[in-house]
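Encoded as structure tokens, the structure appears first; notes follow it.
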2 protein chains.
Amino acid sequence: MVATMMNAQLSLNHIIERAGTLFADREIVSQMPDKSVRRHTYADLLRRSRSLANALIDAGLQTGDRVATLMWNHHAHLEAYHGVPMAGGVYHTLNLRLAPNDIAYIVNHAKDRFLIVDDVLLKLYAAFAKDVSFEKVFVVSLTDAPVDGPFVSYESLMADVPAGWAPPPVDENQGAGMCYTSGTTGKPKGVIYSHRAVALHSMGSAMTDTLAISQHDCVLPMVPMFHANAWGLPFTCAMVGAKQVHPGPHLDPVSLLDLYEREKVTISAGVPTVWIGIQQTVSQNPGKWTLQPDMRMVVGGSAAPEAMIRDMDKLGMRVIHAWGMTETTPLGSVANVKQSLIDKGEDAQYAARAKQGIPVPFVEIRAVGEDGPVAHDGQAMGELQVRGPWVAASYFDFPEANDRWTDDGWFRTGDVVTIDPDGYIKITDRTKDLIKSGGEWISSVDLENALMGHQDIAEAAVIAYHHDKWVERPLAVVVPKEGRTVDAGALSDFLISQGIAKWWLPDGFVVKDAIPRTSTGKFLKAKLRDELSDWTPESSGS
Amino acid sequence: MVATMMNAQLSLNHIIERAGTLFADREIVSQMPDKSVRRHTYADLLRRSRSLANALIDAGLQTGDRVATLMWNHHAHLEAYHGVPMAGGVYHTLNLRLAPNDIAYIVNHAKDRFLIVDDVLLKLYAAFAKDVSFEKVFVVSLTDAPVDGPFVSYESLMADVPAGWAPPPVDENQGAGMCYTSGTTGKPKGVIYSHRAVALHSMGSAMTDTLAISQHDCVLPMVPMFHANAWGLPFTCAMVGAKQVHPGPHLDPVSLLDLYEREKVTISAGVPTVWIGIQQTVSQNPGKWTLQPDMRMVVGGSAAPEAMIRDMDKLGMRVIHAWGMTETTPLGSVANVKQSLIDKGEDAQYAARAKQGIPVPFVEIRAVGEDGPVAHDGQAMGELQVRGPWVAASYFDFPEANDRWTDDGWFRTGDVVTIDPDGYIKITDRTKDLIKSGGEWISSVDLENALMGHQDIAEAAVIAYHHDKWVERPLAVVVPKEGRTVDAGALSDFLISQGIAKWWLPDGFVVKDAIPRTSTGKFLKAKLRDELSDWTPESSGS
């Protein structure tokens, strides 16, 4: 029996209409390349998104057409988030940190028809323009320089829509946004987010036990809008009416801290490497910035070490550890303290907060080992597999990667995890980074987190090197803090003091000035493995 | 272009599976008729709901079949909420406060196949049993008396399911629950809630800016589970893992306060009349009960007077005013303090909290007057119309009432409201209770709330009486507090001091011992109008 409820579609149009009317005066602050700020409101965002939608339809946009964006985080990028889906189109965020030829590949694979680009990124566009063929390129002038040449001024699209104009109707399964994974291996692969997925994800993110985002919050996503919708924060903020602050191109700690203080930011979000920079900057300049009490720092993208979470707490910045992927819109799990841990003391709570958390409602998880799903005992490792209404079912036009989904319909994340009896997921590795030593698994991530808890270590990455007897053995690459030195014996002793099993100890510690990183700030272990492919205990002298 | 996301159905099965595994040990406390309590956990609830589902399928339940419940609020009623939909069926909550012949009408109209009934309600069942024909009647023994006669013991259904048993797959638009409106006029009309509607409603209720229900909460719904799913609280609690406390048949203030204290309740929910009783009991027994700090009281069903909200705050009980209907699953709006009111002072905030609030995300509202939608100026009155994924599109098998929906697909609530510039809805009347005096509208609810702010008035209802010149004029019916008397002139002066316009003043004040009420505790104004149909200013001597 079909229920008697309305067939109301979960549309992103509702989110922006709600924001523009119920929270008309709430601010959206955008930092420009010259560090000036532009101030808009949700009423402006609604009005300008409608103008953009209307202009795109006038320019010939058909339902499902992709509109690429090559932009920093600011008001115009937000307008594309709302205005392109409102027109029936799919905004496609290009990662401006990729090599130009990779961007061209992605544009061509996605068949993007139009581009919206910051004027300060036209040089980057020029580097791949010859390899792509946008029908029109709309330029957002962040510097107030006039737009000319073959380009159309984005601002010229902002004419008010005719009276009575309404966006075309939306089917909730229709594409709204698109993002390519910036994985460390293989071709980039695209995911198309539906209106439904983003709407549900926004509801999931606003719950008290997930990110608890409220209209009273002021949210600064450091995570770029070209990374999995800036973790969906712009949509969640619009849905609840939270103030938004967008940093533009200035992502250094001092610029961010200045914005936190001036705009009274209550929540910020980014990868651990950015947080480590902020933590160091605050520690080195005590009292320089007055932050909001109980400011929340959402950390994702890579695992945040427990030591960092403790240090941030001491500085008045509460870390909320979350896990997600481009393929999961992205929020999959959040590490808040469960009720069952309330009476178990600080150490148990920190240990839980350093894990990737429990799944958000409507996201299902399992960890699958070689013999099927493993026990939730905090010990058994398996590949994390997820299922849910905001999880991708395939990549766009990329059947070669269909093995990322199981026959029974779960997405294979490529993360190796344990799940403890309280349900907390802990990533122990990427499937490809796991070290298989004598048939047993060693977690590179556990070793890295332990090493990064050492007072003299700034960064650490652990990879497998080929070993004749054990097949693989761990090798650590460490970056000492400025002015510090490290010693292999002392580090091994330290690891043992941290509860690392003796047979997990790295066979060597290679000192470097920096760990190579992907465009999203993750360790690029493939490069380390290449560089150290000839490493042997003998060659190192250790 | 269809997005690449999973077609994961929003199923209530996910909610109970999540609760039973992630929050396995969290408690569900049920008070029995003898005031003893039974303690279960979410693991029990999952296990027993699965047993019920399996037993119902064994008993011949087909997808979409209705299973009636005639029960107080307790663990077994919860099991029906989860177990019946898990079997593919539709739980149908019968209102035990209705007259037996009304219950029989509803059972027959809904074509209920099975009944689950409390042993303490068998007498009520006997009063309509001859008019209905359930295939099987399952009796829940709350008194531990044996179940015999033609009845099946509910507990006998609780055998563990066979290994490998799994519930049948769910389409999210499938019916899960059913409830008949207990309106003051016309035949009862039924709404069938879909899995999707209840799932989305749960997400909407758990958001920080709505009811903010968290796994750390302990929730006691005073609102019966036969009223619009106890406002959806059992599902929201299960989704987030909140502790639940169910009072059984004991809904008097002292019994409730005892439970609040003993079980450390953080949120309770009910209609204003119950709250008024609690407020009076606490005031008369200062220090007798120690409640949780910042305990939240969700008030709905009727408007809560501002004076009551202020008084409850002083007693440490924070009122959260909400609005909804059986037809809206039910949560439609919540009156939290908006960010835009933060700097506007206490009076503005109380005024906002005494309104019905702003719509929950994904619920759309409009107020429609005689010339179409009215301005959001806090002055213009119109009928509240709503639309959204948890709003009914029709009644079950009742085409005569299709005029409750507009041609463009909005549900006509029958509430007359204003909407202020901040977006707060304020109910000024039911369409049928509005007083049309000389072509202008007078709000009976405004007059009632103002009167109930008077120190000597316990309750007040205002109705229209026929007036030869003005067509209708207001007449107040007042119940003085114990030992107090009231005087028409003083009441009129008081109303003017409260900002009531002179031409709104009631033409008379009739003193009564009590206001007649519906089974859900709302004023039964139709009865007052009947009783006072001959009233004239002359007849009253006023």
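The values are calculated or read from the model by the stated rules, or taken from the named source; none is laboratory data. In this text the structure is predicted, and so the values were computed from the model without any measurement. All Cβ positions, even for glycine, are placed from backbone atoms using ideal geometry, and neighbour counts span all protein chains on display.
Across segment A:483-542, what is the number of residues that are among the hydroxyl-bearing types (Ser, Thr, Tyr), farther than 30 Å from A:Pro100 by Cβ and part of a loop (DSSP other than H, G, I, E, B)?
3
List pairs: first residue in segment B:83-103 and at positive phi, second residue at pLDDT 95 or above and not hydrophobic (A, V, I, L, M, F, W, C) anywhere in the structure, Cβ distance under 6 angstrom, at least six positions apart or on different chains.
Short answer, once both residue conditions are applied: B:Gly88/B:Thr63; B:Gly88/B:Pro168.
Mind listing whichever residues of segment B:45-81 are more than 12 Å from B:Tyr154 (Cβ to Cβ), more than 14 Å from chain A (Cβ to nearest Cβ), charged (D, E, K, R) and in contact (Cβ under 8 Å) with a residue 24 or more places away in the chain?
Once the filter is applied, which keeps residues that are more than 12 Å from B:Tyr154 (Cβ to Cβ), more than 14 Å from chain A (Cβ to nearest Cβ), charged (D, E, K, R) and in contact (Cβ under 8 Å) with a residue 24 or more places away in the chain, segment B:45-81 yields B:Arg47, B:Arg50.
Exactly one of (1) out of contact with any helix residue (DSSP H, G or I) (no Cβ under 8 Å at 6 or more places or on another chain); (2) buried (at least 19 other Cβ atoms within 10 Å of the Cβ); (3) free of Cβ contacts under 8 Å to residues at least 60 places away in the same chain is unmet by B:Ile365. Its number?
It is condition (3) that B:Ile365 fails.
Report yes if some residue within segment A:63-73 is farther than 21 Å from A:Asp160 by Cα, aromatic (Phe, Trp, Tyr) and modelled with pLDDT of 95 or more; otherwise report no.
Within segment A:63-73, one or more residues are farther than 21 Å from A:Asp160 by Cα, aromatic (Phe, Trp, Tyr) and modelled with pLDDT of 95 or more.
Return the residue satisfying two criteria in turn: it lies in segment A:260-269 and is touching a residue at least 40 places away in the same chain (Cβ under 8 Å) and of a type outside the set (A, V, I, L, M, F, W, C), and of such residues it is surrounded by the fewest Cβ atoms within 10 Å (Cβ to Cβ).
A:Lys264
Could you tell me whether any residue of segment B:375-386 is away from chain A (no Cβ under 12 Å), part of a loop (DSSP other than H, G, I, E, B) and more than 28 Å from B:Ala307 (Cβ to Cβ)?
yes
In segment B:108-137, which residues are without any contact (Cβ under 8 Å) to a residue 60 or more places away in the chain, assigned to a loop (DSSP other than H, G, I, E, B) and not acidic (Asp, Glu)?
If the condition is that a residue be without any contact (Cβ under 8 Å) to a residue 60 or more places away in the chain, assigned to a loop (DSSP other than H, G, I, E, B) and not acidic (Asp, Glu), then B:Lys111, B:Arg113, B:Ala127, B:Phe128, B:Val132, B:Ser133 are the ones that fit.
Could you go through segment B:484-500 and let me know if any residue there is within 16 Å of B:Pro305 (Cα to Cα) and either acidic (Asp, Glu) or in contact with a Ser or Thr (Cβ under 8 Å, 6 or more places away or on another chain) (or both).
no
From B:Leu256, B:Leu200, B:Leu220, which residue is in contact with a helix residue (DSSP H, G or I) (Cβ under 7 Å, 6 or more places away or on another chain), more than 23 Å from B:Arg47 (Cα to Cα) and buried (at least 21 other Cβ atoms within 10 Å of the Cβ)?
Checking each option against the conditions leaves just B:Leu256.
Kindly indicate the residue of segment B:211-243 that is closer than 18 Å to B:Gln31 by Cβ and part of a helix (DSSP H, G or I) and also farthest from the chain's Cα centre (by Cα) among those meeting that condition.
Per the criteria, the residue is B:Cys237.
Quick check: is even one residue across segment A:160-183 under 30 Å from A:Asn402 (Cα atoms) and more than 14 Å from chain B (Cβ to nearest Cβ)?
The answer is yes; a qualifying residue exists.
A quick yes/no check of all residues on (1) surrounded by 16 or more Cβ atoms within 10 Å (Cβ to Cβ); (2) closer than 22 Å to A:Lys432 by Cβ; (3) of a type in the set (S, T, N, Q):
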site: A:Glu472; (1), (2), (3): yes, yes, no
site: A:Glu482; (1), (2), (3): no, no, no
site: A:Asp487; (1), (2), (3): no, no, no
site: A:Asp493; (1), (2), (3): no, no, no
site: A:Lys502; (1), (2), (3): no, no, no
site: A:Asp534; (1), (2), (3): no, yes, no
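Table: residues versus (1) closer than 24 Å to B:Leu94 by Cα; (2) buried (at least 17 other Cβ atoms within 10 Å of the Cβ); (3) in contact with a helix residue (DSSP H, G or I) (Cβ under 8 Å, 6 or more places away or on another chain); (4) touching a residue at least 12 places away in the same chain (Cβ under 8 Å).
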| site | (1), (2), (3), (4) |
| --- | --- |
| B:Val139 | yes, yes, yes, yes |
| B:Asp144 | yes, no, no, no |
| B:Asp148 | yes, no, no, no |
| B:Ala159 | no, no, yes, yes |
| B:Gly164 | no, no, no, no |
| B:Pro167 | no, yes, yes, yes |
| B:Val170 | no, yes, yes, yes |
| B:Tyr180 | yes, yes, yes, yes |
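With the requirement that a residue be of a type in the set (A, V, I, L, M) and part of a loop (DSSP other than H, G, I, E, B), what does segment B:31-72 give you?
Scanning segment B:31-72 gives B:Met32, B:Ala59, B:Leu61, B:Met71.
What is the one condition in (1) more than 10 Å from chain B (Cβ to nearest Cβ); (2) in a loop (DSSP other than H, G, I, E, B) that A:Arg366 does not satisfy?
Evaluating A:Arg366 over (1) more than 10 Å from chain B (Cβ to nearest Cβ); (2) in a loop (DSSP other than H, G, I, E, B) leaves (2) as the failure.
With the condition kept exactly as written, say whether any residue in segment B:193-209 is part of a strand (DSSP E or B), facing chain A (nearest Cβ under 9 Å) and under 17 Å from the mean Cα position of the chain (by Cα).
yes
Condition check: more than 30 Å from A:Ser492 (Cα to Cα), charged (D, E, K, R) and assigned to a loop (DSSP other than H, G, I, E, B). Does A:Asp403 satisfy that?
Against the criterion (more than 30 Å from A:Ser492 (Cα to Cα), charged (D, E, K, R) and assigned to a loop (DSSP other than H, G, I, E, B)), A:Asp403 does not qualify.
So, of the residues in segment B:23-43 that are over 28 Å from B:Asp119 (Cβ atoms) and free of Cβ contacts under 8 Å to residues at least 40 places away in the same chain, which turns out to be nearest to the other protein chains (Cβ to nearest Cβ)?
B:Asp25
Step by step: first the residues of segment B:1-22, then only those that are part of a loop (DSSP other than H, G, I, E, B) and among the aliphatic types (A, V, I, L, M), then the one that is farthest from the other protein chains (Cβ to nearest Cβ). Which residue is that?
Per the criteria, the residue is B:Leu10.
Might you let me know whether segment B:248-260 holds any residue that is hydrophobic (A, V, I, L, M, F, W, C), more than 9 Å from chain A (Cβ to nearest Cβ), closer than 19 Å to B:Leu96 by Cβ and not in a helix (DSSP H, G or I)?
yes
Step by step: first the residues of segment A:406-445, then only those that are within 14 Å of chain B (Cβ to nearest Cβ), in a loop (DSSP other than H, G, I, E, B) and among the charged types (D, E, K, R), then the one that is surrounded by the fewest Cβ atoms within 10 Å (Cβ to Cβ). Which residue is that?
So the residue we want is A:Asp408.
Within segment A:226-235, is there a residue that is crowded, with 24+ Cβ neighbours inside 10 Å, within 12 Å of another protein chain (Cβ to nearest Cβ) and either of a type outside the set (Val, Ile, Thr) or within 24 Å of A:Val120 (Cα to Cα) (or both)?
yes
Specify the residue that is farthest from B:Asp397 (Cα to Cα); the eligible residues are those in segment B:49-79 that are among the charged types (D, E, K, R) and crowded, with 23+ Cβ neighbours inside 10 Å.
B:Arg50
For segment A:47-73, enumerate the residues that are at positive phi and either outside the structural domain of A:Ile116 (by TED's automatic domain parsing) or in contact with a strand residue (DSSP E or B) (Cβ under 7 Å, 6 or more places away or on another chain) (or both).
A:Gly64
Any residue that is β-branched (Val, Ile, Thr), within 14 Å of chain A (Cβ to nearest Cβ), touching a helix residue (DSSP H, G or I) at 6+ places or on another chain (Cβ under 8 Å) and surrounded by 19 or more Cβ atoms within 10 Å (Cβ to Cβ) - is there at least one of those in segment B:270-290?
No: segment B:270-290 contains no residue that is β-branched (Val, Ile, Thr), within 14 Å of chain A (Cβ to nearest Cβ), touching a helix residue (DSSP H, G or I) at 6+ places or on another chain (Cβ under 8 Å) and surrounded by 19 or more Cβ atoms within 10 Å (Cβ to Cβ).
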